[in-house]
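Nothing in this text is a laboratory measurement; each read-out follows from the coordinates by a stated rule. Bear in mind the structure is a predicted one, so any value in this text is a computation, not a measurement. All Cβ positions, glycine included, derive from the backbone under ideal geometry; neighbour counts span all protein chains shown.
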Amino acid sequence: NAAGFAEAKYIDNNAVYLSLSDSVGGAIILSDNIYMGDNVRAGEFGHVTIVPNGKKCYCGKIGCFDSYCNASLLSDLTDGKLNLFFERLDNGEFLDVWKNYLNYLSIMVNNLRMSFDCDIIIGGYVGSYFQKYIDDLKKLVSKLNTFENSADYIKVCRHNFEASAIGASLKHIYDFIDGI
């Protein structure tokens, strides 16, 4: 939520922030505020089922998005170093892994677009490397979208590192300023 709050300062409308880190989560940004949901679980995108009867998730469910698009799936291939994964990807390695990752990600992004009809911001650890690959994702998502031929609503995060710390700080700063 804090990372989503930090990213919300760069958008004019509503948005969904999708955090692709060692676990997957996110935030729903409505009118410059984080929507928390009735039970404070809004944005738990990692536990949306995208593959019925799929892989077992750490939560105990089967087929959760987290099981297909967390950052560890990529960094585990390079001794826990995500930057090394992307360096080797640029050198032609791990192409099949990346293709599968993007396919699952495109399903989720399309589902979020159909559900919320707003911009989707790709963030988290993987999002910090995503600028170079955003067009590949847009192509996949545009094929899935029933109503649009373009996926220009997909954005890459602006805060590549420590977005949660920035967002948490901003919240306190804005609250202080509003109290003056």
Task: Calculated [θ] (222 nm, deg cm²/dmol) that DSSP helices of n ≥ 4 give over the chain, each run adding -39,500 (n - 2.57) - done: -12500 deg cm²/dmol
TODO: Take each uninterrupted DSSP H stretch in the chain, measure its Cα extent along the helix axis, and return the ones at 27 Å or beyond whose mean Kyte-Doolittle hydropathy is at least -1.0.
DONE: 95-116
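Counting only C-alpha contacts under 8 Å and six or more residues apart, can you give the relative contact order of the chain as a whole percent?
On the way: 309 pairs, mean separation 47.9, N = 180.
Result for the chain is 27 percent.
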TODO: Excluding residues on the same chain fewer than 8 positions from K99, give the lysines whose Cα lies under 25 Å from its Cα.
DONE: K55, K56, K61, K81, K132, K138, K139, K143, K155
- [ ] Based on the mean of other Cβ atoms within 10 Å per residue, sort peptides 89-100, 120-131, 9-20 so the most packed one is first.
- [x] 120-131, 9-20, 89-100
Task: Hydrodynamic radius (Kirkwood) for the chain, which is based on Cα pairs only, to one decimal in Å - done: 16.7 Å
